[in-house]
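Peer 1: Supplied in structure tokens, the structure appears directly below.
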Amino acid sequence: MSKWTVVGRVEDIPPLGARVVRTPTLDIAVFRAVGDRIFALEDRCPHRGGPLSQGIVHGGRVTCPLHDWCIELAAGEAVAPDQGSVRTFPVRITDGQIELDLDRVTLRAGAA
Amino acid sequence: MKKERLVVIGNGMAGMRTVEELLQVAPDLYDITVFGAEPYGNYNRILLSPVLAGEKTLDEIMLNDLAWYTDHGIELIAGRKVVGIDRRAHTVIDDKGAATPYDRLLIATGSDPVLLPLPGKDLPGVVTFRDLADVDAMVRACEDFTKAVVIGGGLLGLEAANGLLKRGMAVTVVHLVDTLMERQLDPHAGRMLQQSLEARGLRFALPAQTEAILGDDRVRGVRLKDGREIEADLVVMAVGIRPNIALARSGGLHCERGIVVGDTLQTFDPRIYAVGECVQHRGQVYGLVAPLFDQAKVCANHLALLGYAIYRGSLISTKLKVTGIDLFSAGAFQGGDGAEDIVFRDETRGVYKKLVLHDNRLTGAVLYGDTVDGSWYFRLMRDGTDVAALRETLVFGQSYLGDPGHGGASASALADDAEICGCNGVAKGTIVKAITTNKLFTLDEVRAHTKASSSCGSCTGLVEQIIASTLGGEYTKTPSEKPLCPCTDHTHAETRQTIVAQKLKTIADVMAFMEWRTPNGCQKCRPALNYYLLCAWPGEYVDDSQSRFINERAHANIQKDGTYSVIPRMWGGITNPKELRAIADVADKFRIPTVKVTGGQRIDLLGVRKEDLPAVWRDLNAAGLVSGHAYGKALRTVKTCVGSEWCRFGTQDSTAMGIALEKMTWGSWTPHKVKMAVSGCPRNCAEATIKDFGVVAVESGWELHVGGNGGVKVRTTELLCKVATPEEVMEYCGAFLQLYREEARYLERTAPWLERVGLAYVRAHVVEDAKERKALHARFLFSQSFSQTDPWGERAAEIPVRSEYAPLKVVGV
């Protein structure tokens, strides 16, 4: 099985917005930043677990809707002085299709 | 690519602050070389007084040690002096004859103490008070000698005198005029200060002029013009400072009192910049630290080739750093034409306060003995706040305004574990530690590091006090105007004016025209711009949902676990069995865990999953329920009592009035949330006097109240006026809301807005000028003609087109 999983098309995500890919173990926020750059991060702020997919996307960052933490989309790192990081997932675009590398995600329900 | 070379002359606070600001915005732009006359790293000159007084050590006042320079790749040439600038060859020449090339040059040579041309001024034992070497000389003199004279009774002279006194010297201060610190204090405060310093053991000769310094191989005293002689083994000259411009002048740069710079801190040679006390800007020379921080920020912006920051001069305040004496002065305290004084004087407690007002604006303040409110007064001055409404209690300070959360608390009196910021749970000790370990200077920095005062902002005053007391008083940098956000230097008002004047109709246009420094703004400016455009161009501007906070984007309130809450509108708080059944059915069908009655007389469904929102709305819509906008910076609810229809005290039909108001105003977007209420009699069961717009019915008509708030800081409304008919209530309400919509800053509730502009201003536009009221009301109705579409209905109808509520994909099941 190929390690790349197709999750949708670039235009399925609003510009400067995000959509969620749901897996049995975690939610992944897929962002469409400026210039149609696509990023995939676990949908969980390192601060108090807020859904990053619901934040405002600006530059290469997203601001968590709960307490305004700023997260770098590429690195998954919180912007200083806040400290913390969130899992990121490799993304590639093939003919406008977004593909995620979900190798490290447990895709079977019940398996922990 | 080879980096450009930046040479900095002067290793003091101004030069290094500029370099620090520069490194923050453009860390790799330059190879930086710093020339410093003193053989140390960079220290906080403001805190020399506590070092002299033995209250702080040298280590405690170091800002950047030598390692900092190495870490940042900066070449520090300490202890060598620059003696010439060759502007044609772009080099500086040092005292060893070596030439160092520059692409850009920053002059921060500071100032020199003024040495009076008195006979005997060169005798051993005569010193100035300017740098660490001076402090050293004074400290050594204190070990061997017993008597000192300080010439100059200004800020610096008194701090020097106090330090020497603490080290056991007998000190006499000689001052030319009869008021100490006459540039900061009026005669009354000056006399109180003198008395309290005399009580500590200082002696004064004033008014008195020094004629000669006496002595042969060492100073032994001074002689005054009136013939008196005062014995002294040490004479400190602290009569003022003079910008150090010799180097700049020899390099052919235009100088007057200081090196003349424009609003970009550029000298007349565009490659050469200058900051700090050596600079003259718009005719003004500064000798305090706050202006230097403002200048550093602007200068760094231009050195970083960003090129948009503008320095417009600084409003300054002064505090005397003598332990146990509280003194604060800001602005013009002398009054003059059209000025009014408010004076508070309590000799026994040693408290004196003088406030100077012009046209209901605070323009000057002198505080002695009780300076807790210094930063509050300073903020009122900076913002140009209309203080007419506060006038009666203004002199008693901010705590007298009624701030139940933090009333009367003084930061210095609090224990380290006292909670300062209730929103983010930050204790005083945490803030103090962050300030000292991370060397923070500004409120914004403290907010960023500790989160204190970054949520509701009600503890801002306390945090400012903590910064001031931790850093020695001068560090509360309060910028003269607040930019909208870090993406721009433009203020809210400038941005709004430009949008209208330039007919800018998209966020991208505003950012391009106003030279935003980020590609697409941030979470602060985008929602503000979206609102300003929406307000300026009703029916024309296309709302940018990605520039709205999630609640307004999703038309529901996000909760801590990522679920949402849904509140349907109930006009005037009236509902019926059909609506209640629909709500009950929805709660069952979507397994909504919590159903709660809100403070605004509505029903809240909590814990709805995002993908269920459109279906929940569809079901609610079917029963005639629409969005309650409980999630928006918008009209929230109109709370009512039952009024004359049921209540035996009711004077008018307050419920019908509330419903009519809600039908007129629902769906309007506003700078912040707007809450209204209508009470049927002065018993005020609908609590109309803590609402943004409150109506209280009386026998003869309706009282209209504005600017109330029941939140963080409770504020009761002010009476706008009384009207006779329901039609008038509607017109005044629409006009008031439109004025607020068009003029308040984004995220400014009506209460702070009203405090800022003053009730008189609002009355002039809404009450006294009928033509303008009607125009405002008409503009409100015009805007409403585009905004009264139920957002829930729109979205529910578009399932499954509205895919953003559903996951993009579900994998692995």
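Peer 1: Once the Cβ-Cβ distance between B:R391 and B:E4 is put in as r, and R0 is 45 Å, what FRET efficiency do you end up with, to the nearest 0.05?
Peer 2: Rounded to the nearest 0.05, the efficiency is 0.25.
Peer 1: Return the distance in nm (one decimal) between the two label points of a simple spin-label model at A:R87 and B:K439, each offset 7 Å from Cα along Cα→Cβ.
Peer 2: 4.0
Peer 1: Stretch B:R87-B:E728 to full length: gain in nm at 0.36 nm per residue minus the Cα-Cα span?
Peer 2: Using 0.36 nm per residue and subtracting the Cα-Cα distance, I get 223.6 nm.
Peer 1: Here's something else I'd like to know. With an 8 Å Cα cut-off and a minimum separation of 6 or more residues, compute the relative contact order for the range B:635-787 in percent.
Peer 2: Here the relative contact order equals 19 percent.
Peer 1: With each run of n ≥ 4 DSSP H residues scored as -39500 (n - 2.57), what mean residue ellipticity at 222 nm is computed for chain B after dividing by its residue count and rounding to the nearest 500 deg cm²/dmol?
Peer 2: Value at 222 nm, helices only, nearest 500: -9000 deg cm²/dmol.
Peer 1: Once the dipole of chain B is set up with Lys and Arg at +1 and Asp and Glu at -1 on Cβ about the Cα centre, which of B:L320, B:G73, B:T450 lies farthest towards its positive end?
Peer 2: B:T450
Peer 1: Tell me which lysines have Cα within less than 21 Å of B:K610's Cα, excluding those fewer than 8 residues away on the same chain?
Peer 2: Excluding near neighbours in sequence, the set is B:K560, B:K589, B:K596, B:K633, B:K809.
Peer 1: In debye to the nearest 20, how big a dipole does the range A:40-112 give about its Cα centre with +1 on each Lys and Arg Cβ and -1 on each Asp and Glu Cβ?
Peer 2: On the way: 7 positive and 10 negative charges, 42 e Å.
About 200 debye.
Peer 1: What FRET efficiency, computed as 1/(1 + (r/R0)^6) with R0 = 25 Å and r the Cβ-Cβ distance, is obtained for B:D263 and B:Q502, rounded to the nearest 0.05?
Peer 2: 0.70
Peer 1: With +1 on each Lys and Arg Cβ and -1 on each Asp and Glu Cβ, and nothing else charged, work out how big the dipole of chain B is about its Cα centre, in Debye to the nearest 20.
Peer 2: Roughly 1340 debye for chain B.
Peer 1: Specify the angular offset, from 0 to 90 degrees and rounded to the nearest 10, of the alpha carbon long axis of helix B:525-536 from the longest principal axis of the alpha carbons in chain B.
Peer 2: The helix B:525-536 is inclined about 60 degrees to chain B.
Peer 1: What's the magnitude of the charge dipole for the protein assembly as shown around its Cα centre, counting Lys and Arg as +1 and Asp and Glu as -1 at the beta-carbon? Answer in Debye, nearest 20.
Peer 2: 1440
Peer 1: Please work out how much length the chain gains when fully extended from B:R345 to B:A78, using 0.36 nm per residue of separation minus the C-alpha to C-alpha distance, in nm with one decimal.
Peer 2: On the way: separation 267, 0.36 × 267 = 96.12 nm, distance 5.03 nm.
Value of the extension gain: 91.1 nm.
Peer 1: Right, another one. Find which of B:A232, B:L193, B:A133 sits farthest along the positive direction of the dipole of the range B:126-239, computed with +1 on the beta-carbon of Lys and Arg, -1 on that of Asp and Glu, about the Cα centre.
Peer 2: So the residue we want is B:L193.
Peer 1: Just want the ordering: B:F328, B:F333, from fewest to most Cβ atoms lying within 10 Å of their own Cβ.
Peer 2: Fewest-to-most Cβ neighbours within 10 Å comes out as B:F333, B:F328.
Peer 1: Sort B:K524, B:K433 so the one with the fewest other Cβ atoms within 10 Å of its own Cβ comes first. Show your work: numbers first, answer last.
Peer 2: On the way: B:K524 18, B:K433 15.
The order, fewest Cβ neighbours first, is B:K433, B:K524.
Peer 1: Which whole-number percent is the relative contact order of chain B (Cα, under 8 Å, 6+ apart)?
Peer 2: Normalised by residue count, the contact order of chain B is 7 percent.
Peer 1: Assuming R0 = 45 Å, can you tell me the calculated FRET efficiency for the pair A:V79 and B:A584, based on Cβ-Cβ distance, to the nearest 0.05?
Peer 2: The formula returns an efficiency of 0.50 here.
Peer 1: So which trypsin sites (Lys or Arg not before Pro) in the range A:24-112 are both in a DSSP loop and have at most 12 other Cβ atoms within 10 Å of their Cβ? Please report the intermediate quantities before stating the final value.
Peer 2: Numbers: sites: A:R32, A:R37, A:R44, A:R48, A:R61, A:R87, A:R92, A:R104, A:R108; in loops: A:R44, A:R48, A:R87, A:R104, A:R108.
Within the range A:24-112, the qualifying trypsin sites (Lys or Arg not before Pro) (loop, at most 12 other Cβ atoms within 10 Å) are A:R48, A:R104, A:R108.
Peer 1: Hey, rough spin-label estimate for B:V698 and B:H358, points 7 angstrom out along Cα→Cβ, what's it come to in nanometres?
Peer 2: Rounded to a tenth, the inter-label distance reads 3.8 nm.
Peer 1: Then there is this: Angle check, please: helix B:13-25 long axis (alpha carbons) against the longest principal axis of chain B (alpha carbons), in degrees 0 to 90, nearest 10.
Peer 2: 40
Peer 1: Which residue, B:L759, B:L47, B:T371, has the largest displacement toward the positive end of the dipole of the protein assembly as shown when charges sit on each Cβ (Lys, Arg +1; Asp, Glu -1)?
Peer 2: Selected residue: B:L759.
Peer 1: Next question, about the same structure. Just to be sure I understand the model, the point goes 7 Å from the Cα along the line to the Cβ. What's the resulting B:E143 to B:K96 distance in nm?
Peer 2: Going from the B:E143 label point to the B:K96 one covers 3.1 nm.
Peer 1: Strictly over 30 Å apart at the Cα level, which of B:K319/B:K482; B:K505/B:K722; B:K505/B:K673 would you flag in this model?
Peer 2: Check vs 30 Å cut-off fails for B:K505/B:K722.
Peer 1: Here's another thing I want to ask about it. Can you put A:D82, B:D112 in order of Cβ neighbours within 10 angstrom, beginning with the fewest? Could you put the intermediate results ahead of the total?
Peer 2: Values: A:D82 19, B:D112 16.
Ranking A:D82, B:D112 by Cβ neighbours within 10 Å, fewest first, gives B:D112, A:D82.
Bear in mind that the values in this text are calculations on the coordinates, not laboratory data. From a predicted model like this one, the values you see are computed outputs, not experimental measurements. All Cβ positions, glycine included, derive from the backbone under ideal geometry; neighbour counts span all protein chains shown.
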